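Nothing in this text is a laboratory measurement; each read-out follows from the coordinates by a stated rule. This is a predicted model, so every value here is computed, not measured. FYI the Cβ positions are ideal-geometry reconstructions off the backbone, even for glycines, and counts take in every protein chain you see.
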Amino acid sequence: MYILVGLPIIGAFLSLAAGRKGTLMLLKAFSLATLAVALYAIYAANEYGIAGIGSSVAYILPLGVNLALGLSGISLILIVMTSIVFFAAALASGYFIDKSMGLYGFLFMLMEATTIGLFASSNLFLFFVFWEVSEVAMFFVIYIYGGMDRRRAAVKFLVYSVVASMLLLIGIMLLYRSSGSFDISVLQGTGYTMSHGMQLLTFAMLLIPFIIKAPVFPLHAWLPDAHTEAPATGSMVLAGVLLKFGGYGMLLLFSILPEIAKEYSVYLAALFAISAIYGAMNAIKVPHLKRMIAYTSIADMGIVAFGLAALNSYGNFGAAYIMLSHGLAISLLFMLAGMFDKEFGTLVIKNLGGIAEWSGAAAYSFIIGILATIGIPLTSGFIGDILLFIGASGAFGIVGIVPLAASIIVGAYLFWIVERSIFRNNMKRETYSEYIDTYVLAAAIVLIASLVAFGVLPSLFGL
């Protein structure tokens with residue numbers, strides 16, 4: 001397990017000493033190597049069992065803290081998704097990033113190491129450390145490499161992140177105070193021994209950071225600005241990977257304090273359903289393509305959280321598979337939106353047009369991203385929707401289908417945008433590249449192939 005975290009860290013420090021070309025080569029090489037190890041982990045989990053995959057070294061003996069990394073079925077799904085998104089973003093980085101490449105490479109690879117580390121953490125001490133470092137790295141990516149209003153968006157992201165981190169630390173310390181351990185497996189067996197009032201306080205301290213990170217309405221306001229101003233590869237990582245911290249955190253929280261989760265599951269489900277519909281309704285009224293895609297993330301993560309609130313294995317694995325599909329599809333959409341902005345100088349939806357005439361590959365890649373987002377058969381989104389619907393309907397009855405309506409709303413609007421902005425040539429253009437960038441095309445192929453592969457072969461993850 002250490003190699004999954006160690007490879008990107010090595011690449012990060014090497015990037016600081018490399019020039020632009022050297023950094024781009026390092027990004028591609030180390031992200032590809034990390035992806036290869038993650039894919040091998042799928043093979044090892046199927047061949048030898050997932051319980052045997054892990055590493056642990058003593059770190060702070062008085063506190064019982066170990067540098068312990070391991071895998072579960074759900075964390076494996078998220079780690080594989082993370083390695084694919086980072087590899088695709090590494091391929092596209094040369095097209096989108098044109099300054100301070102060494103620093104960018106350091107921040108980029110540091111985020112890959114910390115996101116994989118968070119999903120693999122066996123204790124909440126490491127979980128918090130990886131959480132913090134990844135947020136700091138993303139702040140600098142937005143602040144340095146973002147758009148015209150990047151500083152305001154980065155500071156807004158930082159303010160929400162600091163509040164979330166403070167509450168997260170308080171919640172973790174409350175758990176440690178009651179059990180004397182940071183180990184997640186220990187906490188899952190001892191959380192219920194806390195008094196009801198202490199469980200409720202701890203639950204609230206941990207839930208708020210996770211719904212900020214997901215994000216869930218009404219603590220979502222940082223997301224549209226961050227995505228609008230972040231560079232395309234930053235948006236790929238932020239939406240594709242970092243938002244999953246919230247979903248994965250809720251999964252852990254519900255398993256550590258199951259009594260409180262069960263007591264309030266109906267209210268949580270209602271909040272998450274409202275968030276999903278809210279995200280979908282806002283997506284259809286914003287005029288900016290990247291901002292619109294950002295609101296679809298709020299809708300999709302609301303659906304994920306709704307599945308987790310069902311508190312059953314179908315809901316959990318359905319949520320994990322939707323996170324996988326969302327991570328891949330939303331990364332594809334943000335990458336293509338960034339390319340449209342770079343080539344045509346606008347992302348105002350009414351001003352876009354004729355994209356298919358410029359590049360059929362870009363146009364149809366965007367359509368495939370939309371299809372995966374709404375979960376058509378043969379994509380990973382379909383598997384996630386089916387599992388989540390079974391879990392949610394088992395817990396909440398026919399009401400369990402309500403959040404999935406958000407996907408239908410978003411999908412219908414996205415297809416309207418396709419007709420208006422991709423196939424309708426309503427704007428004259430004087431200058432743009434003759435062909436789609438080779439590495440961006442390669443990144444799109446990687447993401448599309450992954451969406452189809454995990455849709456056709458869910459058995460790779462034991463489903």
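A few comments on the model shown:
- Stretch in the chain that is longest and holds no trypsin sites (Lys or Arg not before Pro) that DSSP places in a loop and that have at most 13 other beta carbons within 10 Å: 100-284
- Within the stretch 264-463: Cβ-based charge dipole about Cα centre, in debye rounded to nearest 20 (Lys, Arg +1; Asp, Glu -1): 380 debye
- Whether the stretch 1-136 is rounded, prolate or oblate, judged on the alpha carbon gyration tensor where a/c under 1.5 counts as rounded: oblate
- Phi angles of the stretch 351-363 translate, via the Karplus equation with coefficients 6.51, -1.76, 1.60 and θ = phi - 60°, into HN-Hα couplings of 9, 7, x, x, 5, 5, 5, 6, 8, x, 4, 5, 4 Hz per residue; Gly and Pro are given as x.
- When the Cα positions of Leu447, Tyr314, Gly22 are compared along the charge dipole of the chain, Gly22 comes out farthest toward the positive end, with charges on each C-beta of Lys, Arg, Asp and Glu.
- Ranked for footprinting exposure by Cβ neighbours inside 10 Å, fewest first, His326, His220, His288 give His288, His220, His326.
- Tail beyond 14 Å, pair distance distribution of the stretch 265-348 (Cα, percent): 66 percent
- Residue-averaged 222 nm ellipticity for the chain, from DSSP H runs of 4+ at -39500 (n - 2.57), nearest 500: -24500 deg cm²/dmol
- Total lysine pairs under 24 Å (Cα atoms) in the chain, excluding pairs fewer than 8 apart on one chain: 26
- Neighbour counting of Cβ atoms within 10 Å sorts the residues Tyr143, Tyr2, fewest neighbours leading, into Tyr2, Tyr143.
- Based on the Kirkwood approach, the hydrodynamic radius assigned to the stretch 264-463 is 17.1 Å, with every pair of different Cα atoms included.
- Isotropically averaged projected area of the stretch 98-152, using the convex hull of Cα atoms (one quarter of hull area), nm²: 4.0 nm²
- Degrees between helix 380-396 axis and first principal axis of the chain (Cα, 0 to 90, nearest 10): 40 degrees
- With only Cα atoms counted, the stretch 358-409 has Rg and Dmax values of 13.9, 48 Å.
- Longest segment of the chain lacking GluC sites (Glu not before Pro) that sit in a DSSP loop with at most 13 other Cβ atoms within 10 Å: 1-429
- Per the Kirkwood formula applied to alpha carbons, the chain shows a radius of gyration over Rh ratio, Rg over Rh, of 0.95.
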